[in-house]
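Everything on this sheet refers to the single structure shown next.
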Amino acid sequence: MALFRCLAIALTLSFSSCYLSTPSSATTSDGFLQCLSEKIPSELIFTPDSSNLFNDVLVSTIRNLKFLTNTTVKPICVVTVTDASHAQAAVQCGRMNGVRLRVRSGGHDYEGLSYLSKRPEVFGVIDLAKLRAIAVSTDEGFPMAWVDSGATIGELYYTISKNNPEVAFPAGTCPTIGVGGHFRGGGMGMLLRKYGLSIDNVVDAKLVNANGNLLDRMAMGEDLFWAIRGGGGESFGIVVSWKVSLVKVPSKVTVFNIAKPLDQGTIDVLTKWQHVAPALPSDIIVRVMVQGQQAIFQSLFLGTCDELVPTMTSRLPELNVTKADCSEMSWLESAAFINFGNNDTAALLNRSSTGASGFVKIKSDYVRRAIPKGAWKKIFSLFRMDGAGLVILEPHGGFVGTIPASATPYPHRSGVLYNIQYIAFWSAKDDGSTAKSWVNNFYDFMGQYVTKSPRGVYVNYRDLDIGENVVVNDMSTFDSGKVWGEKYFGGNFQRLAAVKRAVDPTDYFRNEQSIPPLPQCN
């Protein structure tokens, strides 16, 4: 049977293979909570018996209102850890008492799997929001930072830039995203064409493994270190902090937002943009947001307006970029501008600035061959339908495309023109059926123009529609995981499963789309 196929992958794993014994069926959640109370300060543990505090903590960083329902399977507790030792204790208590853990940093998991379950299950949540220290240093002349997983992208940007305004880090555009969740899947942002993904700039990490041991890169070994950088880190343990290599930026960068209504040649611009954007100099990124009957072209350039305009005029004259479209500012100000539309950098520190305000469903794709002009006409007609949402196009190329697909679990590298994010949203006034139908129909239509065999999906835009694990004998099966896993990770999925077998063979760190252990050879 396919389930028992064996993959010959050489692993050099430098950690203990001993694991806690499987808990007996007699163990209960009460035992787990008692264990926690003996090892972790009580003020950090919230249970449904904690009056209204449990619910307040649970919903504090939920970004998608569709998960705030009475039918949602909720945890038996939330532990707001303030030290790595608390995460270690939680794992040890969980293993002894048969209670699994889910880990939340910023609450942006698109399917909510960091803090809820789609199936009946007894589990606890480790909330890392209070574990948010950021320490900037210089290591052999290179700027570095240790950042805890509970820090937000906005806090990371603000801290490193205030330390040195000509230093930055390549990560996402939404400032309330938690570092831990962002890095687990790659970390796309406005600097990916110049410096790659977030994970391409991670040089060390501290992880609590399935034994409750705290490991750094040397202790965990290169295979596990490879896996947590883009392979869905929650499958292998709890990453409590990351050491990142910071990057250089000029004192002034240039941004622009140019809106092109459909009747102003938008289809012509988009058709050509597909070829131009991935081939621009790596210090320029031009992404596109399509909504209604217009497209907004948003750019960050690591240089001045006087340098940018001639390049854009030469490469994409149809967009008609002028000096009046440009704004020069610091890199930190650009991070605020891209998200808020102004350069209020203090807003980057507001952990609730982009909190839950609606109901959303998100899907994603990758494009390797430009979509023909005629198809763009059809695409814009889809935006006239009821429930129409938003589509974001993120160009690749540049440095991110030079890294081998197997260098990290993120495989969408050379030859990728751009990523597509489809966003449907609705309010509490309706059941969302119209919006969800729109995004599903849009996704089905786009199938003919995007990657195939497998149809690539960005793991940070998690989508349970592409598959869920099947659990047999208390283990996620490899074959069920392969259905969705190869869409996220391509050929890297099998290596991820091999690492999982080596570091968590009992499948303790498990959710509906966690990496399953690779089956042993017969």
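The values are calculated or read from the model by the stated rules, or taken from the named source; none is laboratory data. Every value quoted in this text rests on a predicted model; they were computed, and no experiment measured them. So basically every Cβ, Gly included, is an ideal-geometry build from the backbone, and we count neighbours across all protein chains shown. These accessible areas exclude ligands, DNA and RNA; they are computed on the full protein's heavy atoms, side chains included. Shrake-Rupley method; radii C 1.70, N 1.55, O 1.52, S 1.80 Å.
Once both labels are positioned 7 Å from their Cα atoms along Cα-to-Cβ, the gap between residue 146 and residue 479 label points is 4.6 nm.
Efficiency by 1/(1 + (r/R0)^6): what FRET value for residue 251 and residue 219, r their Cβ-Cβ distance, R0 = 41 Å, to the nearest 0.05? The value I calculate is 0.55. Simple spin-label estimate for residue 464 and residue 50 gives 2.4 nm between the two label positions (7 Å along the Cα-to-Cβ direction from each Cα). Taking a 31 Å limit on the Cα-Cα distance, which of the listed pairs 130/252; 130/248; 248/323; 252/363; 243/487 fall beyond it? Cα-Cα > 31 Å for 130/252; 252/363; rest within.
Please give the residues of the stretch 134-157, grouped as numeric ranges, whose backbone N is less than 11 Å from a label point set 7 Å along the Cα-to-Cβ vector of residue 203. Within reach of a label on residue 203, which here means backbone N under 11 Å from a point 7 Å along Cα→Cβ, the stretch 134-157 contributes 137-146. Expressed per residue, the C-alpha convex hull volume of the chain stands at 147 Å³.
Principal semi-axes of the equivalent ellipsoid, √(5λ) from the alpha carbon gyration tensor of the stretch 174-257, are 28, 13, 10 Å from largest down.
Would you please give the FRET efficiency between residue 318 and residue 440, computed as 1/(1 + (r/R0)^6) with r the Cβ-Cβ distance and R0 = 30 Å, to the nearest 0.05? List each step's numbers first, then the result.
Details: r = 32 Å, r/R0 = 1.06.
For R0 = 30 Å, the calculated efficiency reads 0.40.
Here r is the Cβ-Cβ distance between residue 263 and residue 344 and R0 is 45 Å; the resulting FRET efficiency, rounded to 0.05, is 0.85. Based on C-alpha pairs under 8 angstrom that are at least 6 apart in sequence, the chain has a relative contact order of 17 percent.
Taking the convex hull of the alpha carbon atoms in the stretch 299-422, what volume per residue do you get, in Å³? Intermediate values should be presented prior to the final figure.
Values: hull volume 22.3 nm³, N = 124.
Expressed per residue, the convex hull around the Cα atoms of the stretch 299-422 is 180 Å³.
Roughly speaking, what is the stretch gain from residue 373 to residue 73, that is 0.36 nm per residue apart minus the C-alpha to C-alpha distance, in nm to one decimal?
Numbers: separation 300, 0.36 × 300 = 108.00 nm, distance 4.54 nm.
Full extension from residue 373 to residue 73 adds 103.5 nm.
Per residue, the chain exposes 38 Å² of solvent-accessible protein surface, assessed with a 1.4 angstrom probe and all protein chains in place.
Peptides 186-194, 401-409, 161-169 ranked from most to least packed, by the mean per-residue count of other Cβ atoms within 10 Å: 186-194, 161-169, 401-409. What a 1.4 Å probe finds exposed on the chain is 52% carbon and sulfur by accessible area, rounded to a whole percent.
Taking the Cα of residue 139, stepping 7 Å toward and past its beta carbon, and measuring to each backbone N in the stretch 230-271: which are under 12 Å? It comes to 242-246, nothing else.
Dividing the alpha-carbon radius of gyration of the stretch 29-127 by the rule-of-thumb value 2.2 N^0.38 Å gives 1.00.
Modelled this way, with points 7 Å down the Cα-to-C-beta line, the labels at residue 327 and residue 42 are 5.1 nm from one another.
In vacuo Debye scattering of the stretch 122-174, one point per C-alpha: log10 I(q)/I(0) at q = 0.28 Å⁻¹? Treating every Cα as an identical point scatterer, log10 I(q)/I(0) equals -1.17.
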